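Data block below; observations after.
Nothing in this text is a laboratory measurement; each read-out follows from the coordinates by a stated rule. Since the model is a prediction, treat every value here as computed from it, not as a measurement. In this analysis, Cβ positions are derived from the backbone assuming ideal geometry, glycine residues included, and neighbour counts consider all displayed protein chains.
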Amino acid sequence: LPPRSVVAASLTAFFLWGLGPTMLMPSSVEAGHDNQIAVLSVEYVQAQYEKGRKLTAIDLRSPDAFRQGHLPGALSLPLNELTARFQEVPKANLVVLYCDWPPADIEVAYWFLRRQQYRNLTVLGSGFQTWVERGFPVER
């Protein structure tokens with residue numbers, strides 16, 4: 001597999017240069033404040049699990065990283081497979097995207113899904129490593 005930075009750069013070029021099905025530009029998202037990414041803290045997401053809120057965590061890391069541990073009930077959807085498998089992301093209830101990469105990489109995934117009409121998206125702000133460091137549940 002290519003390094004994640006190569007995958008993110010490829011996805012960015014794919015969409016920004018009009019090679020993908022839609023343009024991937026935050027400013028092209030319809031509606032007033034929809035050009036901002038909804039970022040959630042690990043504490044907030046853990047509280048949602050504790051309350052029994054229906055949510056789907058989407059792990060954008062590699063399959064190997066996913067197998068080593070992931071958020072409870074998470075779906076493995078590596079960034080380099082996003083354009084082929086995005087339909088697996090539910091359009092109902094809360095969706096939390098996460099990884100352990102620079103914010104720009106996860107933004108590519110977020111804006112791609114927004115352009116596919118997903119409106120239930122959020123991002124785990126400090127990533128999976130912070131989740132683990134806080135001692136929150138991890139599935140293997």
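A few remarks follow.
- Under a model in which nothing but the beta-carbon of Lys, Arg (+1) and Asp, Glu (-1) is charged, the stretch 42-140 shows a dipole of about 440 debye around its Cα centre.
- Kirkwood Rh and Cα Rg combined as Rg/Rh, the stretch 37-118: 0.93
- Modelled spin-label separation between N120 and R85, with each label point placed 7 Å from Cα along the Cα-to-Cβ direction: 1.9 nm.
- Of the Cα atoms belonging to the stretch 70-111, the radius of gyration and Dmax stand at 10.4, 27 Å.
- Two-site label geometry, K54 and Q68: point separation in nm, points 7 Å out along Cα→Cβ: 3.4 nm
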